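Structure first, commentary second.
Bear in mind these aren't lab numbers, they're just calculated from the coordinates by the rules spelled out. Bear in mind the structure is a predicted one, so any value in this text is a computation, not a measurement. So basically every Cβ, Gly included, is an ideal-geometry build from the backbone, and we count neighbours across all protein chains shown.
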Amino acid sequence: MPESTPIMIGSERSEVGLPAGIEILARGGSALDAVEAAMRLCEDNTADHYVGTGGLPNARGEVELDASLMIGSSRAFGAVAGLHGYPNPISVARAVLERLPQHSLLVGEGAATFAAECGFTTAELLTPDAEKLWRETLLEAGDESVEGENTAAQSGDLAYKRAALDLVKRMAPHDGPWGTINIIALDARGEMCVGVSTSGYPWKYPGRVGDSAIPGAGNYCDIRAGGAACTGRGELSMRAGTARRVVDLLGAGEDPAKACRAALADAGILPDEYRAELRVLALTPDGRHGGAATLPGATYAVMTAGDAQPAMLDRSVL
Ligand code: GLY
């Protein structure tokens, strides 16, 4: 692999972790180390309700986490899904990648058993803030009618919220919103790594796994073309194979922003009663990057060695 100028990009709210990651790359560290370190800080950010500690719970009020890592040169993939009680699923995903090469993805109880065997420590992930949101938004809120004009994505969100409310009413004890983080790094040796971490859809059906843990859907990396990752409605990117599609388009010579838009357009033709925002990011092995979203106003973070802080760039709109 040719020598490269290190760079990291990430989805909204990844800026919490990128400075730590770029410091690792600037010292000659690996893309894998940089992505893991950056993502851990995002997972530990309790103000972020879509990842790690403080993530919003499933319909039973339990926080279930999905995360994955993929390496560009080997396309090695490690992931966990439906993990309870471990605050840094990205590190458990790395342990799957490195210590359990006979497998790529562990779920639920098995993932927790493996995390315990590896010596990871448990923590309470449902913060008072997240629990309050779960109770107020779903248990105490009434249903919402679709008022005024909504985009297809907004109508899908409202339909999803109504379905989640029904589910919570069925599953939650009677006494008693979403987003994922993507981080992509290119290191000085020309290696790439894509990391994704999420608490998934708030109020999801227990056991629901999204695209963040699925190679080709929410995460894909191939050093010959680049890396891509998704946030938003994982059920769509799983059906469309969105991250893999972006990387294939990069491989065919497409510009990163155009590749992201084309992949979103492909997912956009699928029928989906719960259609909601889908966003995608891409980075090439020569450091070009881009992002796209289905609605305007979305951004992504970019940082290179020597930058004081990440720059926030607009995503291209489908
Ligand atoms: N994209 C995150 C999820 O669907 O869980």
Segment residue 118-residue 5, extension gain: residue separation times 0.36 nm, minus the distance between their alpha carbons: 37.3 nm
Proximal lysine pairs, the chain, alpha carbons under 30 Å, eight or more residues apart or interchain: 6
Residue order, fewest to most surrounding Cβ atoms within 10 angstrom, among 103, 49: 103, 49
Packing-based exposure ordering (other Cβ within 10 Å, fewest first) of 135, 315, 27: 27, 135, 315
Ranked 221, 193, criterion: other C-beta atoms within 10 Å, fewest first: 193, 221
